[in-house]
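Beneath this line is the structure, given in structure tokens, with notes to follow.
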Amino acid sequence: MGSVLQGHALEETDFRGEAFKDHPVPLRGDLDLLSITQPDLIEQVHCQYLDAGADIIETNTFNATAISQADYGLQDRIYEINVAAAKIAKRAAASAMSADPERPRFVAGALGPTTRSASVASDVSDPAFRSVTFDGLAGAYGEQARG
């Protein structure tokens, strides 16, 4: 999904859409946000995979956790991003099944890595320091899965 979307050479305004036109942080590169600002594009990519023979597509939520979205100032929009992505993927899968009812299609929720590591020290002067805790990761992934 990410590679296909990057091939579209989207600009800052594409990522912002109308909903985030006044957002104070740059959003270019936030592919997960496109589920809100460019839902037709996301559905088009899903349909390309389904047309190519995929039986399972994944939601456009690889980095849709509060930890990763904090880089864009969108940590409070996690549920909304994940719900939008799931609805788009489900719509694309339903459309493919409608065209070929004998072949079921499925949607898997994508849970990717975060932009923080619990296994690598982020402060060279303190090898025990971590920028995120296990509980923080568990909470972020739980919130994402709820969406």
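A few notes on this one:
- Loop sites in segment 20-106: GluC sites (Glu not before Pro), DSSP, at most 14 other Cβ within 10 Å: 102
- The chymotrypsin sites (Phe, Trp or Tyr not before Pro) of segment 40-147 meeting both criteria, a DSSP state outside H, G, I, E and B (loop) and at most 16 other C-beta atoms within 10 angstrom of the site's C-beta, are 129.
- Loop sites in segment 1-36: trypsin sites (Lys or Arg not before Pro), DSSP, at most 15 other Cβ within 10 Å: 21, 28
- Quarter of the Cα convex hull surface for the chain, i.e. its orientation-mean projected area (nm²): 9.9
- As a length-normalised measure over Cα pairs under 8 Å and 6 or more apart, the relative contact order of the chain settles at 23 percent.
- Rolling a 1.4 Å probe over the protein heavy atoms gives segment 42-91 an accessible area of 46 Å² per residue.
- Rounded to 10°, Cα long-axis angle of helix 39-51 versus longest principal axis of the chain: 60
- Normalised contact order of segment 58-127, rounded percent, pairs of Cα under 8 Å and 6 or more residues apart: 43
- Between helix 134-146 and the chain: long-axis angle, C-alpha atoms, 0 to 90°, nearest 10: 20
- Residue-averaged [θ]222 nm for the chain, counting only DSSP H segments that reach four residues, each worth -39500 (n - 2.57): -13000 deg cm²/dmol
- Residues whose amide H comes within less than 5 Å of that of residue 56, counting only those at least five positions distant or on another chain, are 106 (H built at 1.01 Å from N in the peptide plane).
- Rounded percent of accessible protein surface that carbon and sulfur make up, segment 1-116, 1.4 Å probe: 52
- Rounded tilt (10° steps) of 78-99 against the dominant C-alpha axis of the chain: 20
The values are calculated or read from the model by the stated rules, or taken from the named source; none is laboratory data. Because the structure is a prediction, the values reported are computed rather than measured. We place every Cβ from the backbone using ideal geometry, glycine too, and count neighbours over all the protein chains shown. Accessible surface is based on the protein model in full, side chains and every heavy atom, while ligands, DNA and RNA are left aside. Shrake-Rupley method; radii C 1.70, N 1.55, O 1.52, S 1.80 Å.
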